[in-house]
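What follows is one structure encoded as structure tokens, with my remarks underneath.
The values are calculated or read from the model by the stated rules, or taken from the named source; none is laboratory data. Computed from a predicted model, the values in this text were never measured in an experiment. Reconstructed Cβ throughout: ideal geometry from the backbone, glycine too, with neighbour counts over all protein chains shown. The area values use the complete protein model at the heavy-atom level, side chains included, leaving out ligands, DNA and RNA. Shrake-Rupley method; radii C 1.70, N 1.55, O 1.52, S 1.80 Å.
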Protein chains: 2
Amino acid sequence: MSRVGSQTFLYRQPPVVAAHASICGPKEGKGPLSAWFDEVLQDDLLGQKSWELAEMEMVRRCVQSALNAARITDEQAQAMLGGDLNNQIIASSFAARALGVPFIGLYGACSTFVQALVLGSALIDGGFLDNAVCVASSHYCTAERQFRFPLELGTQRPPQASWTATACGCALLERPEKPGGLRVTAGTVGRIIDLNVSDANHMGAAMAPAVFDCLAAHMADTGKTACDYDLIATGDLGWIGRDLLLELASAAGLELPPEKLIDCGASLFYQEQDAHAGGSGCGCVASVACGWLMKRLEAGDIQRLLLIGSGAMFSPTSSQQAQSVPGIAYAAAIERED
Amino acid sequence: MSRVGSQTFLYRQPPVVAAHASICGPKEGKGPLSAWFDEVLQDDLLGQKSWELAEMEMVRRCVQSALNAARITDEQAQAMLGGDLNNQIIASSFAARALGVPFIGLYGACSTFVQALVLGSALIDGGFLDNAVCVASSHYCTAERQFRFPLELGTQRPPQASWTATACGCALLERPEKPGGLRVTAGTVGRIIDLNVSDANHMGAAMAPAVFDCLAAHMADTGKTACDYDLIATGDLGWIGRDLLLELASAAGLELPPEKLIDCGASLFYQEQDAHAGGSGCGCVASVACGWLMKRLEAGDIQRLLLIGSGAMFSPTSSQQAQSVPGIAYAAAIERED
């Protein structure tokens, strides 16, 4: 289907990432990115009575860290955009209750963090907000028992399964007051793409076509190519899905040099950590972007990043009803301005 | 907590409601608003194999009706903003898959339709979109088995329980090209408010404080009072929640004349239809707004409507873990321009 008009928002006064914060769980803290996260949890219950309450507390703490880093109070935060994998996004909404910040609940599965960046930037650039808290989280123990099986069952996982990260990332966007800093310069809203993958364990295969579609739309809308970015980071295709994306790009003649393409899920764990196809979950791309990639941008290691978050828009009910797993993706261009 | 800055977006060139469509189920079709809906379903399965697939088909059909009414194609629709009560909002995302429209998935529980209006209007007025499909749905049979009990159990419902409407409403917003029509002039983003109601059947009590907070913020931000609106329509507090809102307003000294206040859920059913506290669900306020209220605005019966959608941000898991039920609300001012 040929679309009329652009799927990409070009921000006229690109919002600035005023602060960011990241938290990861104990297993993620043993991975290759460990030193980059602002906080590595020793206890994935965070002293709470349930994993769901622990995830809420992780979100609250992560948002609070970002607000502290930007030196603004809860009362000065104008909106919180975010979501998580829990049914009815309870981790985010309960955190928003604790913080008292006006709340815009989103659901884009594992793409939610980038969806929040795209929308938050539009609301700031459109003149509706001076700042926006963009946040997303996931927790291995809440997601497994909700989407698949209770952990207590000890169900075996197939090799193509990804590992839902226990992690949270939060970026505070602000209307730019002076030059410099990290800027969100463009955001692309994806379409739901479904190539009839019906294996609810194979997220990489379900989402790679949506990532390709969003990437192609971003390039077509902006006239950019892979040359215009120092790094293209997907989240979360995992090791298998990353290869599938490269295949799709190659088949379509879209230039995507493998050395420029990393995947947040494939970066979060060592292969020997038994995370199978790699990390996943809303918190994976959020924490890797806020913990690692934004710090690399700030350090000048890279200047221009295209962050593509992807989500699988299925539920256990749709899988039990033999439906395939549709994917979606959102892209945000984040550039360092000197 | 005293907030800094406004929770309200004031649209400079208020987007126009170019078209709207509404569908309701058989029970809703026997209620007082029956004649206003564009389509009354005779079969709540819509010829599908499951209620979830039926809800997806209802959303797809409702969006298609609105696009047809505005004489634009799927390819010309620039974004679809919406959600539903199904876990992982599968009804909306599967409909977006069928339509091929770029998708922004939202979750505000029963407030989702108004959340979509507020955000869609901002994206149009901010210059990012020329049009936006705003949609929300609910289905009695999908919601009951997900949030409460499978219908087959025949569980008794307490009198304060609301009845999830089988309904969908869709409004197509466009950038205004000429004077006249229905305009979304302002949108208010609410906060999560929780007064410790822990009865997961008592949605009216859980949400009334959030509606009050949002209404008070809207009035404070815009300097308006109830006198500036011909009608204030909440959705969905039901009969009990509407009384609680009047009590909260009275206690706070906020003028809210009872004759100006209607509730979509309390308007959808006759009391003798055994819907207990009234209708609820994302589709209730969406279908009542698109089917009844927007037509009353177009007919000149009312000129200025404040539509306040409210949602209960809980899940069965949070209830089973003895958490209270937090509420949220969004408000959209819809005015007829001559």
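Okay, here's what the table says:
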| item | result |
| --- | --- |
| Nearest-20 debye value, the protein assembly as shown charge dipole, Cβ charges on Lys, Arg, Asp, Glu | 260 debye |
| Unit charges on C-beta of K, R, D, E only; dipole of chain B, Debye | 380 debye |
| Percent accessible area from carbon and sulfur atoms, the protein assembly as shown, protein chains only, probe 1.4 Å | 50 percent |
| Around A:Gly235: net Lys/Arg minus Asp/Glu count, Cβ-Cβ under 14 Å | -2 |
| Shortest-first nm distances, B:Thr73 label point to equivalent points in other copies (7 Å, Cα→Cβ) | 5.5 |
| Stokes-Einstein translational diffusion, chain B - Kirkwood Rh over all Cα pairs, 1.567 mPa s, 4 °C, in µm²/s | 67 µm²/s |
| With all protein chains modelled, accessible area of A:Arg145 [1.4 Å, Å²] | 90 Å² |
| Net charge, B:Leu254 excluded, C-beta distance under 14 Å - Lys, Arg +1, Asp, Glu -1 | -3 |
| Accessible area of B:Trp163 in the full protein assembly, 1.4 Å probe (Å², nearest 10) | 40 Å² |
| The stretch A:54-205 - percent relative contact order, Cα under 8 Å, separation 6 or more | 25 percent |
| Separation in nanometres of the label points that stand 7 Å from Cα toward Cβ, at B:Arg157 and A:Cys227 | 6.3 nm |
| Positions from the stretch A:306-331 whose accessible area shrinks by 50 Å² or more when the full protein complex is built, not the chain alone, probe 1.4 Å | A:Met313, A:Gln321, A:Gln323 |
| Signed unit charges on C-beta, dipole axis of the protein assembly as shown, positive-most listed residue A:Pro159, B:Phe9, B:Gly241 | B:Phe9 |
| Helix-only [θ]222 nm of the protein assembly as shown, DSSP H runs n ≥ 4, -39500 (n - 2.57) each, per residue, nearest 500 | -10000 deg cm²/dmol |
| Cβ-placed point charges (K, R +1; D, E -1), dipole of the stretch A:139-204 about Cα centre in debye, nearest 20 | 200 debye |
| Förster-model FRET efficiency, 41 Å R0, B:Ala252 and A:Gln321, C-beta, rounded to 0.05 | 0.30 |
| Added length on full extension, which subtracts the Cα-Cα distance from 0.36 nm per residue, A:Lys260 to A:Leu45 | 73.8 nm |
| Principal axis box of the stretch B:102-144, alpha-carbon based, largest edge first, Å | 40, 18, 11 |
| Solvent-accessible heavy-atom area per residue, rounded to whole Å², over the stretch B:82-216 at 1.4 Å | 24 Å² |
| Nm distances between copies for B:Lys30, ranked from closest, using label points 7 Å along Cα→Cβ | 6.0 |
| For B:Leu254, inter-copy label distances in nm, listed shortest first [label point 7 Å out on the Cα-Cβ vector] | 4.6 |
| Residue-count net charge about B:Asp38 - beta-carbon cut-off 15 Å; Lys, Arg +1, Asp, Glu -1 | +1 |
| Compactness of the stretch A:51-210 as Cα Rg over 2.2 N^0.38 Å, two decimals | 1.12 |
| Chains B and A together, accessible area buried on both sides, 1.4 angstrom probe, square angstrom | 5100 Å² |
| Residue among A:Val288, A:Val197, A:Val114 with the largest mean-square fluctuation in a Gaussian network model of chain A, springs linking Cα atoms under 10 Å | A:Val197 |
| Shape of the stretch A:124-267, Cα gyration tensor, a/c cut at 1.5 | oblate |
| Against the rule of thumb 2.2 N^0.38 Å, how large the Cα Rg of the stretch B:189-338 comes out | 1.02 |
| Built amide H within the under 5 Å cut-off of B:Ile104, gap 5+ | B:Met80, B:Leu81, B:Gly82 |
| Residues in the stretch A:61-98 occluded by at least 20 Å² - accessible area, probe radius 1.4 Å, against chain by itself | A:Glu75, A:Gln76, A:Gln78, A:Asn87, A:Gln88, A:Ile89, A:Ile90, A:Ser93, A:Phe94, A:Arg97 |
| Using alpha carbons only: equivalent-ellipsoid semi-axes of the protein assembly as shown, gyration tensor based, whole Å | 36, 26, 25 |
| Percent RCO, i.e. relative contact order, over chain A, from Cα pairs under 8 Å lying at least 6 residues apart | 26 percent |
| Heavy-atom accessible area per residue - the stretch B:244-338, 1.4 Å, Å² | 32 Å² |
| Within the stretch A:149-211, GluC sites (Glu not before Pro) in DSSP loop having at most 14 other beta-carbon neighbours inside 10 Å | A:Glu177 |
| Candidates A:Ser34, A:Ser198, A:Ser319: whichever shows maximal mean-square fluctuation once chain A is modelled as a Gaussian network with Cα springs under 10 Å | A:Ser319 |
| Normalised contact order of the stretch A:133-291, rounded percent, pairs of Cα under 8 Å and 6 or more residues apart | 33 percent |
| Closest Cβ on chain A to the rotation axis that carries it onto B (distance rounded to whole Å) | A:Gly126, 1 |
| Heavy-atom accessible area, 1.4 Å probe, ligands and nucleic acids excluded: residues of the stretch B:7-29 down by at least 20 Å² from chain alone | B:Phe9, B:Arg12 |
| In Å², nearest 10: area of A:Asp44 left accessible to a 1.4 Å probe | 50 Å² |
